[in-house]
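Visitor: Below are the structure tokens for one structure; questions will follow.
Since every read-out is calculated from the coordinates, none of them should be taken as a lab result. Owing to the predicted nature of the structure, the values given are computational and were not obtained by experimental measurement. With ideal geometry, Cβ positions are generated from the backbone for all residues, glycine too; neighbour counts draw on all protein chains shown.
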Amino acid sequence: MKILLVDDEEELVSALAERLGIRGIDAEWVVSGKEALLRVKDEKFDLAVLDVKLPKLGGRKLKKALQEKCPGMKYIFMTGHGSEDDFQAISNEVGEEYYLFKPVDIDDLIKKIKEALYSQ
Amino acid sequence: MSSEINIIGESGLQFFGKISASISHEINNVLAIINENAGLLDDFTIMADKGMPLDPNRLKNVASKILVQIRRADEIVRNMNTFSHTIDQIKADLDLRETVEFVVTLAHRFASMRGITIKIKPPENIVTISTAAFFLENLIWLCLDFAMNVTGSAKTLSLIIGKTESGGRICFAGLEGLTSELADTFPSDRETALLGMLKAELTVSAEQKELILYLQAS
């Protein structure tokens, strides 16, 4: 499986990608929606972990844009603090179990990744 | 009068809530970075226990990232503390430049989310305004929020601080997306109530693509 991590906090996504790598999960990271859209042009990802409050594009808009380019890709959202509106909208789109609050537990994230890939 | 007081109270609560939510989000981000990097250190020790060599430079690098985030969190908490205490004094002598810089610091995440760069041009001399710090910050925030919504494609906002005969002024320039229709919507009831309370005035010009906030020295 190949995972794309998208969060504007570079020190967060880079460490998260490395920790997933240590656990045998191929994870790459980018820090903006624009970079994410460029990256999926060249590589195929099975799942994207998106920050809800991503600058400029926002996590939900990025998901829509990615869906057009990558049919079949699964999604998990991460947030530092979620508004009720975000929670409702994202829960409707991907299920509330795939709406994670930072800081995330690595084992919990891996569990969600596997669940999403095999059941979403 | 009582309805104006209600509007000012509501506006203040909204302002406080918005800034608190933003700060809690930033603290959560910092905690998340510390969490991942501390986790990474833990992963390294587990790998070392299994006989894989530990690279001291790698450990040093991760540790320094954690220290950077601790300093970042300390600054965020200090700003939150300063912000919370602005409500303590009914009237204080405020350096207008410092007040504007502080509101811009508080608004940093909102600007970043919208992809907007804010530039501050300070006055040549210190401009002092004697007023209620919290309500002045609220009014500047409301002007800034409106200005950020009308920067258009330029995405750069300039805040030019100056001295006037009766006090000081802040010009929010570079509002490329400001049309006559949008200019007619500002100030709304909230800004009008705060302007009255602070004895301030506001001009909005769609032609000049700017809004100017005039403040009395006392």
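Visitor: Give the number of residues within the stretch A:44-73 that are without any contact (Cβ under 8 Å) to a residue 12 or more places away in the chain and either over 21 Å from A:Glu93 (Cα atoms) or not in a loop (DSSP other than H, G, I, E, B) (or both).
Guide: Qualifying residue count, the stretch A:44-73: 3.
Visitor: Can we say B:Asp95 is more than 26 Å from B:Gly168 (Cα to Cα), under 19 Å from the mean Cα position of the chain (by Cα) and away from chain A (no Cβ under 14 Å)? Spell out how you get there, then give the answer.
Guide: Values: more than 26 Å from B:Gly168 (Cα to Cα): no; under 19 Å from the mean Cα position of the chain (by Cα): yes; away from chain A (no Cβ under 14 Å): yes.
When the stated conditions are applied, B:Asp95 does not pass them.
Visitor: Could you check the stretch A:46-55 and list, in sequence order, the residues that are surrounded by fewer than 20 Cβ atoms within 10 Å (Cβ to Cβ) and either away from every other protein chain (no Cβ under 12 Å) or in contact with a Lys or Arg (Cβ under 7 Å, 6 or more places away or on another chain) (or both)? Steps first, please.
Guide: Of the stretch A:46-55, the ones surrounded by fewer than 20 Cβ atoms within 10 Å (Cβ to Cβ) are A:46, A:55.
Of everything in the stretch A:46-55, just one residue is surrounded by fewer than 20 Cβ atoms within 10 Å (Cβ to Cβ) and either away from every other protein chain (no Cβ under 12 Å) or in contact with a Lys or Arg (Cβ under 7 Å, 6 or more places away or on another chain) (or both), namely A:Asp46.
Visitor: Would you pick out the residues in the stretch A:9-31 that are under 12 Å from the mean Cα position of the chain (by Cα) and within 10 Å of another protein chain (Cβ to nearest Cβ)?
Guide: If we filter the stretch A:9-31 for residues that are under 12 Å from the mean Cα position of the chain (by Cα), which is where we start, we get A:13, A:16-17, A:27-31.
Answer for the stretch A:9-31, where residues must be under 12 Å from the mean Cα position of the chain (by Cα) and within 10 Å of another protein chain (Cβ to nearest Cβ): A:Val13, A:Leu16, A:Ala17.
Visitor: Also: Can you tell me which residues in the stretch A:88-120 are hydrophobic (A, V, I, L, M, F, W, C) and within 14 Å of chain B (Cβ to nearest Cβ)? Full working, then the answer.
Guide: At the first step, the residues of the stretch A:88-120 found to be hydrophobic (A, V, I, L, M, F, W, C) are A:89-90, A:94, A:100-101, A:104, A:106, A:109-110, A:113, A:116-117.
Listed by number, the residues that qualify are A:Leu100, A:Phe101, A:Val104, A:Ile106, A:Leu109, A:Ile110.
Visitor: Going through the stretch B:69-87 one residue at a time, which ones are surrounded by 15 or more Cβ atoms within 10 Å (Cβ to Cβ) and part of a helix (DSSP H, G or I)? I'd like the intermediate steps shown before the answer.
Guide: Our first condition is that a residue be surrounded by 15 or more Cβ atoms within 10 Å (Cβ to Cβ); within the stretch B:69-87, this holds for B:69, B:72-73, B:76, B:79-80, B:83, B:86.
Residues satisfying the conditions are B:Gln69, B:Arg72, B:Ala73, B:Ile76, B:Asn79, B:Met80, B:Phe83.
Visitor: Next question. Tell me the residue from B:Ala21, B:Ala63 that is within 14 Å of chain A (Cβ to nearest Cβ) and farther than 30 Å from B:Leu213 by Cα, please. If you could, list the steps in order and put the result at the bottom.
Guide: Details: B:Ala21 fails: farther than 30 Å from B:Leu213 by Cα.
After ruling out the rest, the residue left standing is B:Ala63.
Visitor: Let me ask you something else. Since B:Leu213 meets every condition but one in (1) assigned to a loop (DSSP other than H, G, I, E, B); (2) touching a residue at least 60 places away in the same chain (Cβ under 8 Å), which condition does it not meet?
Guide: Looking at each condition in turn, B:Leu213 falls short on (1).
Visitor: Next question, about the same structure. Looking at the stretch B:5-57 only, could you name the residues that are touching a Phe, Trp or Tyr at 6+ places or on another chain (Cβ under 7 Å), within 25 Å of A:Asp107 (Cβ to Cβ) and touching a residue at least 12 places away in the same chain (Cβ under 8 Å)?
Guide: none
Visitor: Kindly list the number of the only condition in (1) touching a helix residue (DSSP H, G or I) at 6+ places or on another chain (Cβ under 7 Å); (2) surrounded by 18 or more Cβ atoms within 10 Å (Cβ to Cβ); (3) in a helix (DSSP H, G or I) that fails for B:Leu59.
Guide: All conditions are met except number (2).
Visitor: Also: Please indicate, with yes or no, whether at least one residue in the stretch A:59-80 is touching a helix residue (DSSP H, G or I) at 6+ places or on another chain (Cβ under 8 Å), of a type in the set (Ser, Thr, Tyr) and within 11 Å of another protein chain (Cβ to nearest Cβ).
Guide: yes
Visitor: Can you go through A:Lys41, A:Lys34 and tell me which one is away from every other protein chain (no Cβ under 11 Å), surrounded by fewer than 17 Cβ atoms within 10 Å (Cβ to Cβ) and assigned to a helix (DSSP H, G or I)? Give the derivation first.
Guide: On the way: A:Lys34 fails: away from every other protein chain (no Cβ under 11 Å).
Residue meeting the stated conditions: A:Lys41.
Visitor: Could we say that B:His85 is within 14 Å of chain A (Cβ to nearest Cβ), closer than 30 Å to B:Ala217 by Cβ and out of contact with any Ser or Thr (no Cβ under 8 Å at 6 or more places or on another chain) here? Please lay out each step first, then the result.
Guide: Numbers: within 14 Å of chain A (Cβ to nearest Cβ): no; closer than 30 Å to B:Ala217 by Cβ: yes; out of contact with any Ser or Thr (no Cβ under 8 Å at 6 or more places or on another chain): yes.
Against the criterion (within 14 Å of chain A (Cβ to nearest Cβ), closer than 30 Å to B:Ala217 by Cβ and out of contact with any Ser or Thr (no Cβ under 8 Å at 6 or more places or on another chain)), B:His85 does not qualify.
Visitor: So B:Phe172 clears everything in (1) surrounded by 20 or more Cβ atoms within 10 Å (Cβ to Cβ); (2) among the aromatic types (Phe, Trp, Tyr); (3) assigned to a loop (DSSP other than H, G, I, E, B) except one condition, right? Which one?
Guide: Failing condition for B:Phe172: (3).
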